[in-house]
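Asks: Here it is, the structure in full.
The values are calculated or read from the model by the stated rules, or taken from the named source; none is laboratory data. None of the values given here were measured: they were computed from a predicted structure. So basically every Cβ, Gly included, is an ideal-geometry build from the backbone, and we count neighbours across all protein chains shown. Quick note on the areas: whole protein, heavy atoms, side chains included, nothing else; ligands and nucleic acids left out. Shrake-Rupley method; radii C 1.70, N 1.55, O 1.52, S 1.80 Å.
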Amino acid sequence: MAGTGKTGRRLVRTLRAAGQHVRAASRSSEVRFDWSQRATWQPALAGASAVYLLAPEDPALAVDFVATAVDSGVGRIVALSGRGIDQIEGDFSPGMVAAEEAVQNSGVQWTIIRPNNFNQNFNEDLWRQPLLDGRLALPMGATPEPFIDAQDIADVAATLLTSHGHHEQVYDLSGPRALTFATAVATIARAADRSIRYVELTPAQYQAELLAQGHLEETATALNIMFAGMRAGHLAEPTDTVRRVLGRDPLDFDSYATRAAAAGAWS
Ligand SMILES: NC(=O)c1ccc[n+]([C@@H]2O[C@H](COP(=O)([O-])OP(=O)(O)OC[C@H]3O[C@@H](n4cnc5c(N)ncnc54)[C@H](OP(=O)(O)O)[C@@H]3O)[C@@H](O)[C@H]2O)c1
């Protein structure tokens, strides 16, 4: 699933390069799959032995989808979740919580991966435009974050989908080093040769900025819940899981920033 997303499209490439037969599925993928159209689920699953699952927002859909996958003969599920999901207080990502539970109760081989924030949030997602505008403003304080590269997540997922020894495991995935957002922004500013400031906001200021930018209230609230969990330090320690699964270190943030800048991410 999610074959066009930050992790999914890299996973498709990695698996194909390894000679695996892969069907990328999403609303705009070669195999059409839409959470809101149940008629697309079974055709997308037909013939699949293993599935990479990104949770939908609606918990009920997650539960029904896992049941449909198992009925369809899927024997292995690798589910993408988020680090700290079991520690973050508040109503954070109920779809993901439901997907984790459904996968764990599915009766098939499963692994759950819970990554830190992705490097690619800075150049393919929410934080790219603020960086281009010269100001990234977040309510993060000085708590560091061991950002992880989406390619490392994809490489881990590819290994879990195609090899044994990782079943019934929940893996926290991080990059090699925790750095503050101020340091991350300074690193990108240097790599991109741009003037970019990191600005610290209160949660209330962050909420107001997101709403002013046109985000939905529920999105702003979910992001604030996530940042509260991050500020509390639940996700701050690097893990050695990427090295344990892949036998190599995850990509460092400096290398990510240099490569992304060279590819024109912030030009
Ligand atoms: N970003 C982070 O730092 C971070 C950290 C930890 C966990 N996560 C979790 O990672 C997940 C996001 O993964 P990602 O970054 O790989 O994906 P992504 O870049 O956010 O892309 C979303 C994917 O889902 C597909 N999609 C969206 N709506 C859909 C629908 N209604 N039906 C079917 N497919 C749909 C999209 O494809 P189409 O548009 O073609 O449908 C796309 O492939 C989220 O669950 C997030 O909570 C993110």
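Asks: Looking at Ile188, is it crowded, with 23+ Cβ neighbours inside 10 Å, assigned to a helix (DSSP H, G or I), of a type outside the set (Gly, Ala, Ser) and near the ligand (Cβ under 10 Å from one of its atoms)?
Replies: no
Asks: Looking at (1) open to solvent by less than 60 Å² (accessible area, probe 1.4 Å); (2) within 17 Å of Gln129 (Cβ to Cβ); (3) of a type outside the set (Asp, Glu); (4) in a helix (DSSP H, G or I), which is the one condition that is false for Val199?
Replies: (4)
Asks: Need pairs with beta-carbon distance below 8 Å; first residue free of Cβ contacts under 8 Å to residues at least 24 places away in the same chain and within the stretch 114-133, second of a type outside the set (Asp, Glu) and within 7 Å of the ligand (Cβ to nearest atom); sequence gap 6+ or separate chains.
Replies: The qualifying pairs are Trp127/Asn121.
This table checks each residue for (1) farther than 29 Å from Leu53 by Cβ; (2) more than 14 Å from the ligand (Cβ to nearest atom); (3) of a type outside the set (Ser, Thr, Tyr).
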{"position": "Asn116", "(1), (2), (3)": "no, no, yes"}
{"position": "Leu126", "(1), (2), (3)": "no, no, yes"}
{"position": "Leu132", "(1), (2), (3)": "yes, yes, yes"}
{"position": "Gly141", "(1), (2), (3)": "yes, yes, yes"}
{"position": "Thr159", "(1), (2), (3)": "no, yes, no"}
{"position": "Gln169", "(1), (2), (3)": "no, yes, yes"}
{"position": "Ala212", "(1), (2), (3)": "yes, yes, yes"}
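Asks: Let me ask something additional. Within the stretch 27-51, track down each residue that is more than 21 Å from Val108 (Cα to Cα), outside any loop (DSSP other than H, G, I, E, B) and either more than 14 Å from the ligand (Cβ to nearest atom) or within 22 Å of the chain's Cα centre (by Cα) (or both).
Replies: Within the stretch 27-51, Val31, Arg32, Asp34 meet the criteria.
Asks: Still on this structure, please answer the following. From the set of residues in the stretch 160-184 that are assigned to a helix (DSSP H, G or I) and within 14 Å of Gly75 (Cβ to Cβ), which is least open to solvent (accessible area, probe 1.4 Å)?
Replies: Ranking the candidates gives Leu160 first.
Asks: Moving to a separate point now. Does the stretch 219-229 contain at least one residue that is surrounded by 13 or more Cβ atoms within 10 Å (Cβ to Cβ) and more than 24 Å from the chain's Cα centre (by Cα)?
Replies: Within the stretch 219-229, none of the residues are surrounded by 13 or more Cβ atoms within 10 Å (Cβ to Cβ) and more than 24 Å from the chain's Cα centre (by Cα).
Asks: Would a scan of the stretch 101-114 turn up a residue that is open to solvent by less than 20 Å² (accessible area, probe 1.4 Å), within 14 Å of the chain's Cα centre (by Cα) and either of a type in the set (Asp, Glu) or within 21 Å of Asp252 (Cβ to Cβ) (or both)?
Replies: Looking through the stretch 101-114, at least one residue is open to solvent by less than 20 Å² (accessible area, probe 1.4 Å), within 14 Å of the chain's Cα centre (by Cα) and either of a type in the set (Asp, Glu) or within 21 Å of Asp252 (Cβ to Cβ) (or both).
Asks: Tally the residues that are within 13 Å of the ligand (Cβ to nearest atom), assigned to a loop (DSSP other than H, G, I, E, B) and open to solvent by less than 30 Å² (accessible area, probe 1.4 Å), restricting the search to the stretch 1-26.
Replies: Of the residues in that region, 6 qualify.
Asks: If you don't mind, there's one more thing I want to ask. Tally up the residues in the stretch 233-251 that are open to solvent by 70 Å² or more (accessible area, probe 1.4 Å) and assigned to a loop (DSSP other than H, G, I, E, B), please.
Replies: Residues that pass the stated criteria total 4.
Asks: Now for a separate question. Six or more apart or on different chains, Cβ atoms under 8 Å: show the pairs whose first residue is in the stretch 1-24 and of a type in the set (Ser, Thr, Tyr) and whose second is outside any helix (DSSP H, G or I) and exposed (fewer than 15 other Cβ atoms within 10 Å of the Cβ).
Replies: Filtered contacts from the stretch 1-24: Thr4/Ser28.
Asks: Something else: Within the stretch 52-62, how many residues are assigned to a helix (DSSP H, G or I) and either surrounded by 18 or more Cβ atoms within 10 Å (Cβ to Cβ) or touching a Pro at 6+ places or on another chain (Cβ under 6 Å) (or both)?
Replies: 3
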